[in-house]
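Each remark here refers to the structure printed beneath this line.
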Amino acid sequence: MKNLWIEFFGGIITVETRGKGIERLLNILTRNGILIWNVKRHGSETVTFKIKLNDVKKIRKAVKDSNCKIKFLRRTGMPFLFKRLLKNSGFIVGAFAFLLVIFILSNMVWGIDIKGANPETEHKIRKELDAMGVKKGKVQFFLENVEVIQRKLTDNIGAITWVGVELKGTTYHLQVVEKNEPEKPELLSPRDLVAKKKGVIVDMFVEEGQPKVSIHDHVKPGQLLVSGVIGKEGQTEIVPAKGEIFAETWYITTVTQPLKSTFHVLNGNEKQKHFIGIGKWKIPVWGFGKVEYKEYEIETNTKNFHFLKWKLPISYINTTIREREQEVRIYSNEEAFDAAKNRARNDIKSLLTDNAKIKGEKVLHKSVDDGKVSISIHFQIIENIAEAKPLIQGETE
């Protein structure tokens, strides 16, 4: 018989029959549609075979018309296994409850380890974690993922520059970098400071070295600003020049802005779908049906389950589908010019350092052509133009 699993779920009976009419009995069973298999002879008047549980009543009727006696030897299959499990239900329930408790405890928070923060900052972090619900005894399933926790801590605590959050088993590990961490002393080799672009000097702060330019001087790229050679002739010393040389520099940028622009916005409608992930398979448990939104964005959040220190191949997957709409904005000419100016300013700021500032701007050209406005702007920038150039010992000014 090929598919024994199907018979196993229905129940299997091993039958022993004794008598002189065994062959006739087997033929009767076959003619009556009773399936028999594993037929084995044990002596001249004894045979054993297997039948389905559902055929027990049929075989009793067939035996009455024969000169044989039957005895049921073994009962196997799911129905009998289930009965035995019911007899030992207390043990099974206890074992299941034990595993359930271990599973729940393995998915709770039992430790929060914070490194790299002083006591005051650590207190602020723990207070913020409490506000987010990240505390001992909480089930991980109901907490935000580590990326969200990391972002909220960085945004809400001004004393830290960066925090890394990692969940290992039942413990959150946080590595903190504070803003007031003392800077390591910078080891500099002998060098000059030269101009990295042309400009007019407006301010100077020389910490070390010999200034070679003055306020209002025009300088060009590569020109020496601060020399690393100090002292009088014959008594010179080579040092790493340090300082900031602020100059007025100039930039010209051209920006094009369409009079008609299309963009997408979320309208607030959303749909939640919940899945249980087993390996690569996703089994839906809530949020059935097709997504009726024409355009949408999908955000997926996955939480893995653990048993003791092991991560199980089982996870909870929450998918949020947010509807978005296409918006069309039409600018007037003046609105388009203003938008182009703002884009030009942002483009310039992205090229500058934090201590640079825009001193002034002047529109050189603007035009409207083929549904777009174009604008060219001249910017006056105050920025530090000094950059280091290694100084070879023995080099003269």
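Against the condition closer than 30 Å to Pro240 by Cα, under 41 Å from the mean Cα position of the chain (by Cα) and not acidic (Asp, Glu), how does Ser350 come out, does it pass? So that I can check it myself, show each step before the final result.
Values: closer than 30 Å to Pro240 by Cα: yes; under 41 Å from the mean Cα position of the chain (by Cα): yes; not acidic (Asp, Glu): yes.
For Ser350, the condition - closer than 30 Å to Pro240 by Cα, under 41 Å from the mean Cα position of the chain (by Cα) and not acidic (Asp, Glu) - is met.
Inside segment 204-223, can you point out the residues that are over 11 Å from Ile385 (Cα atoms) and of a type in the set (A, V, I, L, M, F, W, C)? Don't jump to the end; show me each part of the working.
Taking segment 204-223 as the starting set, the residues that turn out to be over 11 Å from Ile385 (Cα atoms) are 205-218.
Of everything in segment 204-223, those that are over 11 Å from Ile385 (Cα atoms) and of a type in the set (A, V, I, L, M, F, W, C) turn out to be Phe205, Val206, Val213, Ile215.
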Under 30 Å from the mean Cα position of the chain (by Cα) and of a type in the set (S, T, N, Q) - does that describe any residue in segment 112-119? yes
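So, in segment 292-314, exactly how many residues are aliphatic (A, V, I, L, M), in a strand (DSSP E or B) and modelled with pLDDT under 85? Give the derivation first.
Filtering segment 292-314 for residues aliphatic (A, V, I, L, M) gives 298, 308, 312, 314.
Filter again for in a strand (DSSP E or B), leaving 298, 312, 314.
Those still in the list that are modelled with pLDDT under 85 too: 312.
Selection size over segment 292-314: 1.
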Does at least one position in segment 272-291 carry a residue that is modelled with pLDDT under 90, touching a helix residue (DSSP H, G or I) at 6+ places or on another chain (Cβ under 6 Å) and part of a strand (DSSP E or B)? no
Listed residues Val165, Val148, Val177; which is of a type outside the set (S, T, N, Q) and surrounded by 14 or more Cβ atoms within 10 Å (Cβ to Cβ)? Val165
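Determine if segment 76-92 includes at least one residue that is over 12 Å from Ile13 (Cβ atoms), more than 56 Å from the chain's Cα centre (by Cα) and assigned to a helix (DSSP H, G or I).
Our first condition is that a residue be over 12 Å from Ile13 (Cβ atoms); within segment 76-92, this holds for 78, 81-92.
Add one more test, that the residue is more than 56 Å from the chain's Cα centre (by Cα), and what stays is none.
There is no residue in segment 76-92 that is over 12 Å from Ile13 (Cβ atoms), more than 56 Å from the chain's Cα centre (by Cα) and assigned to a helix (DSSP H, G or I).
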Considering only residues that are of a type outside the set (D, E, K, R), touching a strand residue (DSSP E or B) at 6+ places or on another chain (Cβ under 9 Å), farther than 25 Å from Leu187 by Cβ and in a loop (DSSP other than H, G, I, E, B), which ones fall in segment 197-247? Val213, Ser214, Ile215, His216, Pro221, Gly222, Gln223
Which ones in segment 1-18 are modelled with pLDDT under 80 and in contact with a helix residue (DSSP H, G or I) (Cβ under 8 Å, 6 or more places away or on another chain)? Met1, Phe8, Phe9, Gly10
Where the second residue is surrounded by 13 or more Cβ atoms within 10 Å (Cβ to Cβ) and of a type in the set (Lys, Arg) and the first is over 19 Å from Glu7 (Cβ atoms) and lies in segment 42-68, which pairs have Cβ atoms under 6 Å and are six or more apart or on separate chains? Glu45/Arg18; Thr46/Arg18
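Could you list all residues from segment 248-271 that are part of a strand (DSSP E or B) and of a type in the set (A, V, I, L, M)?
Going through segment 248-271, the residues part of a strand (DSSP E or B) turn out to be 248-258, 260-271.
Hits for segment 248-271 are Ile252, Val255, Val265, Leu266.
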What about Phe98, is it exposed (fewer than 12 other Cβ atoms within 10 Å of the Cβ) and either under 30 Å from Tyr172 (Cα atoms) or modelled with pLDDT of 85 or more (or both)? yes
Could you tell me which numbered condition Ile114 fails, if it satisfies all but one of (1) over 30 Å from Ile230 (Cβ atoms); (2) hydrophobic (A, V, I, L, M, F, W, C); (3) not in a strand (DSSP E or B)? (3)
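Scanning for something outside the structural domain of Lys198 (by TED's automatic domain parsing), under 30 Å from Ile330 (Cα atoms) and of a type in the set (S, T, N, Q), does segment 268-288 turn up at least one residue? It would help to see each step written out before you state the result.
Just the residues of segment 268-288 that are outside the structural domain of Lys198 (by TED's automatic domain parsing), to begin with: 268-288.
From the residues that got through so far, the ones that are under 30 Å from Ile330 (Cα atoms) too are 268-270.
Cutting the leftovers down to of a type in the set (S, T, N, Q) gives us 269.
Within segment 268-288, one or more residues are outside the structural domain of Lys198 (by TED's automatic domain parsing), under 30 Å from Ile330 (Cα atoms) and of a type in the set (S, T, N, Q).
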For Ala247, the lone unmet condition from (1) modelled with pLDDT of 90 or more; (2) small (Gly, Ala, Ser); (3) within 30 Å of Val373 (Cα to Cα) is (3)
For segment 124-148, what are the residues that are over 17 Å from Gln175 (Cβ atoms), more than 18 Å from the chain's Cα centre (by Cα) and either of a type outside the set (A, V, I, L, M) or not in a helix (DSSP H, G or I) (or both)? Lys127, Asp130, Met132, Gly133, Lys135, Lys136, Gly137, Lys138, Val139
Which of the residues that make up segment 17-66 are touching a Lys or Arg at 6+ places or on another chain (Cβ under 9 Å), surrounded by fewer than 16 Cβ atoms within 10 Å (Cβ to Cβ) and in a strand (DSSP E or B)? Arg18, Trp37, Asn38, Val39, Thr46
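One line per residue, one yes/no per condition, for (1) within 30 Å of Gly111 (Cα to Cα); (2) of a type in the set (Gly, Ala, Ser):
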site: Arg151; (1), (2): yes, no
site: Ala159; (1), (2): yes, yes
site: Leu167; (1), (2): yes, no
site: Thr170; (1), (2): yes, no
site: Leu174; (1), (2): yes, no
site: Pro190; (1), (2): no, no
site: Val206; (1), (2): no, no
Pick from Gln140, Gln150, Gln175: which is at pLDDT 85 or above, closer than 22 Å to Asn318 by Cβ and not basic (Lys, Arg)? Gln150
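The values are calculated or read from the model by the stated rules, or taken from the named source; none is laboratory data. Computed from a predicted structure; not experimentally measured. A quick note on method: Cβ atoms are made from the backbone with ideal geometry, for glycine too, and the neighbour counts reach across all protein chains shown.
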